[in-house]
Structures are given as C-alpha cells and as structure tokens.
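Below: one structure, written as structure tokens.
The values are calculated or read from the model by the stated rules, or taken from the named source; none is laboratory data. Here the structure is a predicted model, which means the values were calculated and not measured. So basically every Cβ, Gly included, is an ideal-geometry build from the backbone, and we count neighbours across all protein chains shown.
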Ligand code: AHR
C-alpha cells in the first residue's frame, strides 16, 4: 500500500519544470524545423555551389556549353557576399537544380512560395522557369518569373504541387541568352506554423506545442560554444533581415557523424527572434544560453582572455535588452521592427554550456556581476561540466554553491540502468542550495552516436522512473529537458533523439510520450507518496511521484513498473474527499526493444481510460514495463 497525504503540499511545482532543449544538431533547424526547402539558398556554404547541380553544362560531344553558374564574391565584409552568376550560351534549356536537404518533401495539392533575387544583365534572360521535379525528373509543379531589371530585385511566385514526393528537387531553367545574377533563392511551404513567412514546419512545432513545455532552451548545446571562439553562436548575427544573417558552418558538420554531413551549415533563418517567437507560440519560457568566452573544451578549448570578455558580456546584456527593452532602447527597437513591439518577458539567461574548471568559474563570476548589476531579476543558469560523475562536477558544484548560484545545469547521457538506479539522485540535495536544471539527459541503449543507440522502450521507461525522482524533488529541481530534441532520419549526428522526422513526416519516440505525460500532468503542488514512510525509488522495481493540481482539483499519481511482470498497487489517499471517478493513462509495451518508427509511429503511445474506485483507496494493476498516470478528482 502506498500512502498519499493530499492535504500536505511539500512545495509548489515550478511552471518551468518540464521543458525543451533545442539545438541545431541532426538537421534540427536548417533541414528540419526551419521550413526553408532550398539548401544553400544564398551560395554561402564553404563550397558555394554545394547543393546545386548543373546537369546540362556539358551537353554535347562537341562539349558545347549551354551555360555555367559561377559564384562571385563581392567582399569579405558583406554578410552575404556571394551570389551566383549564370551565363546562358544558347537556348538549349540550361538549368540549375537544388537538391534540398536530402530532397524536398512536397505534398499533393499544397502550395509553395518561391522567392529569389535577380539582376538581369541588359534584359538578357526573358523568363525563368521554376519547376519541382520528382525523383524520376517528372515535373510536379511549375511557375515562372520574368526578371525585369538590371538592378537587384526580389521576385516571388506561388505554385501547387501535383504529387506527393519526399525527394523532390527544384529546377530553374533559363529562356534567353546572356547573364543573370541570382541570390537568396528560397522555397517555403505556404502552410507554415501560424502561416508565418520565413516560418517553421507545422508538424514539428505541433509536436512541441502538444507537450505544453514549461520552457524552451536555445540554441544548444555545443553549438553555443563553437569549436573556436570565432565559430561560437553570436545571437546578434541571427537577427534582422534574413538576407543579412551570415551563413556559417555548423559545429556538427562532419564530426561525430555516423553518416557524414559535410553539407551542414547554419543559415540562421531560424535565429534568436524566431526562437523567442516560438517560445511564445508554444507557451514556453524562453531560456537562451550564451557563450561565456570559452570554445568547446572537447575541441580547441580556446579561451577569451579575462581582459577581453567585454564583448561577450555585452552580448548578454544586449540580449536582455533585445528581449525585454522598450521601444526606446537600441535593441528593443530592433525587436519591434522585426514585428514584436511587446517584450518577450525574458526571465532566464544561461552563461556557457558544459564548461568546467577554474576557467569557467572565473568567467562566470564576471558575467554574474555584470548581469545582476543591470538586471537583478534575471535568473542566471550556470553549467557544471559534461557529466555528474566526471572529475569536474564536484569542483563546479562546490564553487557555484559558494557563489550562491541560482540554477545549475546538469547533463547526463547514461545507460537505462543508470537512470533506474539514480531515481534518488536529488533526495539529499541541499534544499537551501542552488536549484537544479537537468538540462540535457537521455538514456542510451548503447553508448555513443550510432545506429544501435535506440529510442527503445527500456530507455523510455527508465527515464520515466528517473523522472519520478525529478518530480519528487521539485523543491530543488526546477527545470528539466530531454536532449537532443530532433533528428532527421538521413542526417543525424547524435542518437537517440526525442523526435524523428524526414522531409514529409515526423513522429514522437516512446521517450517523447514519457516527456509529454510528465509535462502535461505536472500539476501545481508537490505531495508525497510513500511506502512504509519511504519514497519509491526502485524497491520491487516500482517508482512513484504525486502532485495536486489546484486549478483542476485533481490528484495526479505517476507510477512506473520496470519489472517484466505486472504488479498490483493500492494507493491510500488517507481519508481525502475524492470523487469516485478519474482517468488512468497507460504507456506500456511488452518488449524492452520496442520502439516507434515511421511505419508505426504510435506503437508506444498513451491510452486513456475511465477509472472508477470506491472509498479513499485506489487499486491499480500495473502492466509489465509500464508508466501509469492516475488522475483523481477532488471533491
Ligand atoms: O545534446 C547533444 C550534445 O550533448 C550537446 O550539444 C552538448 O551540450 C552535450 O554534450
């Protein structure tokens, strides 16, 4: 028998308790959430024609060119310095073709918006034919543009796809002979999230929205740090006109890659403004993380000297102004000009990701002083290094505690067994010390980023077992997020991942449904659930936590059975006045290796049923390997 004292609130559950970690890894932004379908739209990749082909450049045995595309660089100082100069020699149908991000996913009957910038030398080119072609080169959508002037000019057109195709390409054919310059060739589905221009993929945002996340951490991860300081994520370069955001090689380009991704670049079309907007759209508190003047310690570990930290600190202060400043402030004006006059209500800022040692602490102190001096109410998230059992962890924790750090970011990528064995991890954390942000975690079926590292059911229910421990310790754990969030089926660098997508579809893994069960049932008040006075942290393979929701007047009990056999559990609600009806939601699967797939995306997904009981005791049969959410209405 498990006992719940409904009358005794231990602590309030933070609205931020269960949130999202977003990083542009695994093609999560460009090629994923960011709905742009053209890869290398502005010819700024390291090889400017990456993603583009010219099938009929050398057409005949006489080697007669029908045309050539040549990248032209204007100046180093420009943010978008390269454009494409197309010289068409004859009327034999010279074309350039963009391959998209592992193809382009188009849907029959859906509309697509094409835009490009062109300068037509002396009106040489009479018409530009734009076609979607399928994998057999059949035309499945077509429009055209008539470029009218010598000067750079934007043109746009809309067309409808006549066929569903996961591997479409965009073909641009030129009528006329002579030279035309092209840049910012862009193709978006018309149907983006909230129908925004420069928008996001609707199906992917929907999956996030459905989780009711408490916060959105962005833009990473290691991507924040960069392999070198010059490669760090600089938010100021990700705002303003999309065309002026300088493209950069992604930190996840090639390295750690199972399938090499040398074509992984960041367009920053999804930049800090869009991250704030997304946070607002999905009801999540924004949590940006910034470079602390240390490049990734797994790479160069380059350090900004202490006397050269000012630009990094200024970036943090200016970001707060960008998010919260009035329209009288420099950065507040930019936010307003971009379409959001109201502040984004930023409350948290992260200083560094997975950095460690005295170098980190030294830098953190300077950031803390500067941020608190100007914005005393902003809560600072500090790092604790890459792993809680790493050699740097204890040092970081001690130092940060002595500095009265507010929120410390812990990361753990461990075996499912570790997660089951660590459900009591926070039971003895000092309630008066810094709060904890479990900012990146995932159970790994095998270690390392490889195809055998699966989002299987054992990983997912082990995380659920661990999460009862996070919830039971809501006094000290204020924020938590699974990582990484998303991965493209054909272009990932890290496994496992919460959401998998290809160019047409997306599905939530079993881990996604575990996260969703917790975040949509987080309640408002933490209660205690005990057996013989002790919390359930794995005794008889059982784990439990309980919250109350004062708004819906419900008691919400989470139970996890990690045993291979069913177990009967009775919960004694100690005389509290309950209606005899409730709901029981079950997430379970018979095999440890089971997982969701594109073919069977909801194989492991929750089922909700009515639940009736008598008196003040609720009995539940927990299937083998199951996660149960029991909701009981208070009278
Ligand atoms: O989530 C993938 C990576 O894991 C993150 O970028 C980094 O913070 C961690 O090491």
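So, in segment 393-412, how many residues would count as being part of a loop (DSSP other than H, G, I, E, B) and crowded, with 20+ Cβ neighbours inside 10 Å?
Residues of segment 393-412 part of a loop (DSSP other than H, G, I, E, B): 403-406.
If we keep only those that are crowded, with 20+ Cβ neighbours inside 10 Å too, we end up with 405.
Result for segment 393-412: 1.
Every test in (1) surrounded by fewer than 20 Cβ atoms within 10 Å (Cβ to Cβ); (2) free of Cβ contacts under 8 Å to residues at least 60 places away in the same chain; (3) more than 16 Å from the ligand (Cβ to nearest atom); (4) outside any helix (DSSP H, G or I) is passed by residue 389 save one, and that test is (3).
The single residue among 367, 322 that is crowded, with 19+ Cβ neighbours inside 10 Å, farther than 18 Å from residue 217 by Cα and under 26 Å from the mean Cα position of the chain (by Cα) turns out to be 367. Only one entry in 39, 47 is assigned to a loop (DSSP other than H, G, I, E, B), more than 16 Å from the ligand (Cβ to nearest atom) and free of Cβ contacts under 8 Å to residues at least 60 places away in the same chain, namely 47. Of everything in segment 292-310 that is out of contact with any helix residue (DSSP H, G or I) (no Cβ under 8 Å at 6 or more places or on another chain) and assigned to a helix (DSSP H, G or I), the residue that is nearest to residue 229 (Cα to Cα) is 308.
Residues are listed down the side, and each one gets a yes or a no for (1) modelled with pLDDT under 95; (2) surrounded by fewer than 19 Cβ atoms within 10 Å (Cβ to Cβ):
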position: 201; (1), (2): no, no
position: 206; (1), (2): no, yes
position: 216; (1), (2): no, no
position: 257; (1), (2): yes, yes
position: 263; (1), (2): yes, no
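For segment 338-358, filtering for residues that are buried (at least 18 other Cβ atoms within 10 Å of the Cβ), more than 16 Å from the ligand (Cβ to nearest atom) and within 22 Å of residue 402 (Cα to Cα) leaves 2.
Checked against (1) in a strand (DSSP E or B); (2) farther than 26 Å from residue 446 by Cα, residue 316 meets all criteria but (1). Residue 252 satisfies every condition listed in (1) more than 14 Å from the ligand (Cβ to nearest atom); (2) buried (at least 24 other Cβ atoms within 10 Å of the Cβ) except (1). Is at least one residue of segment 523-536 farther than 23 Å from residue 550 by Cα and in the same structural domain as residue 203 (by TED's automatic domain parsing)? Checking segment 523-536: not a single residue is farther than 23 Å from residue 550 by Cα and in the same structural domain as residue 203 (by TED's automatic domain parsing). Here residue 450 does not qualify as crowded, with 18+ Cβ neighbours inside 10 Å, at negative phi, assigned to a loop (DSSP other than H, G, I, E, B) and within 16 Å of the ligand (Cβ to nearest atom).
Residue 430 - would you say it is in a loop (DSSP other than H, G, I, E, B) and within 30 Å of residue 534 (Cβ to Cβ)?
Numbers: in a loop (DSSP other than H, G, I, E, B): yes; within 30 Å of residue 534 (Cβ to Cβ): yes.
Yes: the conditions hold for residue 430.
Conditions (1) surrounded by 15 or more Cβ atoms within 10 Å (Cβ to Cβ); (2) under 15 Å from residue 183 (Cα atoms); (3) more than 29 Å from the chain's Cα centre (by Cα), marked per residue:
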position	(1), (2), (3)
119	yes, yes, yes
127	no, no, yes
147	yes, yes, yes
151	no, yes, yes
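Give the residue that is surrounded by the fewest Cβ atoms within 10 Å (Cβ to Cβ), with candidates limited to residues of segment 468-488 that are more than 16 Å from residue 516 (Cβ to Cβ) and either within 11 Å of the chain's Cα centre (by Cα) or within 16 Å of the ligand (Cβ to nearest atom) (or both). Applying the filter and picking the extreme gives 488.
From the list 206, 234, 266, the lone residue that is in contact with a helix residue (DSSP H, G or I) (Cβ under 9 Å, 6 or more places away or on another chain), away from the ligand (no atom under 16 Å from the Cβ) and within 23 Å of residue 355 (Cβ to Cβ) is 234. So, of the residues in segment 555-606 that are more than 33 Å from the chain's Cα centre (by Cα) and buried (at least 19 other Cβ atoms within 10 Å of the Cβ), which turns out to be modelled with the highest pLDDT? Restricting to residues being more than 33 Å from the chain's Cα centre (by Cα) and buried (at least 19 other Cβ atoms within 10 Å of the Cβ), the top hit is 569. Based on this model, can you work out whether residue 251 counts as closer than 17 Å to residue 487 by Cα and either modelled with pLDDT of 95 or more or touching a helix residue (DSSP H, G or I) at 6+ places or on another chain (Cβ under 8 Å) (or both)? The answer is yes for residue 251.
Tell me whether segment 183-199 contains one or more residues that are under 30 Å from residue 441 (Cβ atoms), without any contact (Cβ under 8 Å) to a residue 40 or more places away in the chain and more than 16 Å from the ligand (Cβ to nearest atom). So far as segment 183-199 goes, no, none of its residues is under 30 Å from residue 441 (Cβ atoms), without any contact (Cβ under 8 Å) to a residue 40 or more places away in the chain and more than 16 Å from the ligand (Cβ to nearest atom).
In the list 536, 504, 527, which residue meets the criterion of being touching a strand residue (DSSP E or B) at 6+ places or on another chain (Cβ under 6 Å) and surrounded by fewer than 21 Cβ atoms within 10 Å (Cβ to Cβ)? None of the other options fit; the residue is 504. Within segment 271-293, the presence of at least one residue that is over 18 Å from residue 22 (Cβ atoms) and either surrounded by fewer than 23 Cβ atoms within 10 Å (Cβ to Cβ) or away from the ligand (no atom under 16 Å from the Cβ) (or both) is confirmed.
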